[in-house]
1. Kindly evaluate Phe349 against the criterion of being modelled with pLDDT under 90 and buried (at least 17 other Cβ atoms within 10 Å of the Cβ).
2. Could you please find all residues in region 187-207 being free of Cβ contacts under 8 Å to residues at least 12 places away in the same chain and over 22 Å from Tyr176 (Cβ atoms)?
3. Scanning for something more than 21 Å from Asn90 (Cβ to Cβ) and modelled with pLDDT of 90 or more, does region 311-323 turn up at least one residue?
4. Considering every residue within region 318-329, establish whether at least one is under 20 Å from Tyr411 (Cβ atoms), surrounded by 15 or more Cβ atoms within 10 Å (Cβ to Cβ) and of a type outside the set (Gly, Ala, Ser).
5. Give the residues of region 90-115 that are hydrophobic (A, V, I, L, M, F, W, C), outside any strand (DSSP E or B) and over 15 Å from Glu4 (Cα atoms), sorted by residue number.
6. Here is a check on your reading of the model: is Gly209 more than 30 Å from Glu23 (Cβ to Cβ), in contact with a Gly (Cβ under 7 Å, 6 or more places away or on another chain) and not charged (D, E, K, R)?
7. For region 33-50, name all the residues that are modelled with pLDDT of 85 or more and surrounded by 14 or more Cβ atoms within 10 Å (Cβ to Cβ).
Amino acid sequence: MITEKLEHSRMKATFAVTKEEFETALDYSFKKNNEKVTIKGFRKGKAPRDMFEKIYGVEALYEDAIDYVLNNKLKEIYNDKELVKIVLGNFIPEFEEGFKLERGKDFNISLVFDVRPEFNLPQYKGVEVKEADTTVTKEDVLNAINNLLKPKAKKEDKEDKTIALGNIAKFDFKGYVNDEPFAGGEAKDYELKIGSNQFIPGFETQMVGMKEGETKDILVTFPKEYQAEDLAGKDAKFVVTIHNVYEEVLPELNDDFIKSLNIKDVNNKEELEAYEEKELKSRKEIAEKDRQTNEIINKILDNTVIDLPNILIDERVNAMRAQYENQAKRYNIPFDTFLSLMGTDKEKFDKEIYEQGKRNAMFSEVMSKIIEVEHLEPKEEAINNYLGINENNKKKVTQQEYQAAFSNLAYNNIIEFLLANAKYVSNKE
């Protein structure tokens, strides 16, 4: 076997095939193909070799004979301890230009296949990242407590009957494009919280200041990516009539309400404020750690030059496509319709998931190499602890469970490593 590196992270392995090897392969092919044909005067699969070749020609055996040869040569690749470390697959047979396969002659045959890409790691230590901002303000705490009160809020008629952001309006509307009403553009006694951004951009803000009993023309433009193609990007007029204006009135924040929340060791306002501040702080710490992690990883990937083989990209693209296709099936709608509801089409979707698949493949290769260089592979003890295996039990795990545990722990190790070795800069302008 002679190996040769090709561009785009591919390799070619060339094998010498003797006429004796090929004759053995022809014997195999004859036994296989003879079972499929019926020759007059013989039971199926019992025709002699010379009769088979007289009728069909020895060339009819070549395809399966070559497959037999290639399967044997493939074993040589996987028996090479160094080569097998980088082999990815996608094997394609190749002959020399102008080659003609003939019985009784030695020949060469090659297998071209994808391998793990060779690349240089960019700087991954000392990557600049903004410091974490985990400040929790009194306003943050107040908003969190208000969110606890909102589910119990009561809807009451607003005294001044005038719409403001956060109010609830009950109204009729009818939409027109080019002075013609359109399907789905009309409703009566519709209730909407103003500022919830459920309607077309600009619709709700133009309702602010309207009063009960008032009728007004609201002028908007449908987004270009609007799901209804006949309306996308078009100017529209909605005739809106307000019937009622309500405001949400929060319940009193008293000890009885606080106790009804069933939060351990929280019985009064001061304890609730302290609890919410601690919870907000914890969530911000997690969010900031995620932000810093993403910032570091993206900078590393942006500075990585790597020639990825298609097999690594395709497996991720295919997995993402299958996920979206399964979603469409669950909703029982055609995939093209599902894409349009997402505000895209097949061409844009294919381009987007290709780029995402490529990025994901790059992430995997870069992180794997850093793990290898920095010896961040999880230890057996850590894996056993993760899986709940100890001396007191004989818990059995599948290879898939073990691999998942290894991957999760390795990922955690590299994230902690990158964060520990980052260069933190002030997040203040």
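The values are calculated or read from the model by the stated rules, or taken from the named source; none is laboratory data. For clarity, every value in this text was computed on a predicted model and none was experimentally measured. A quick note on method: Cβ atoms are made from the backbone with ideal geometry, for glycine too, and the neighbour counts reach across all protein chains shown.
1. No: the conditions fail for Phe349.
2. Listed by number, the residues that qualify are Ser196, Asn197.
3. Yes.
4. Checked region 318-329: at least one residue is under 20 Å from Tyr411 (Cβ atoms), surrounded by 15 or more Cβ atoms within 10 Å (Cβ to Cβ) and of a type outside the set (Gly, Ala, Ser).
5. If the condition is that a residue be hydrophobic (A, V, I, L, M, F, W, C), outside any strand (DSSP E or B) and over 15 Å from Glu4 (Cα atoms), then Phe99, Leu101 are the ones that fit.
6. The answer is no for Gly209.
7. Scanning region 33-50 gives Asn33, Asn34, Ala47, Arg49.
Condition check ((1) farther than 27 Å from Leu339 by Cα; (2) modelled with pLDDT under 90; (3) assigned to a loop (DSSP other than H, G, I, E, B); (4) in contact with a Ser or Thr (Cβ under 7 Å, 6 or more places away or on another chain)) across all residues:
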{"position": "Gln198", "(1), (2), (3), (4)": "no, no, yes, no"}
{"position": "Pro201", "(1), (2), (3), (4)": "no, no, yes, no"}
{"position": "Gln206", "(1), (2), (3), (4)": "yes, no, no, no"}
{"position": "Ile218", "(1), (2), (3), (4)": "yes, no, no, no"}
{"position": "Glu225", "(1), (2), (3), (4)": "no, yes, yes, no"}
{"position": "Ala228", "(1), (2), (3), (4)": "no, yes, yes, no"}
{"position": "Val239", "(1), (2), (3), (4)": "yes, no, no, yes"}
{"position": "Asp256", "(1), (2), (3), (4)": "yes, no, no, no"}
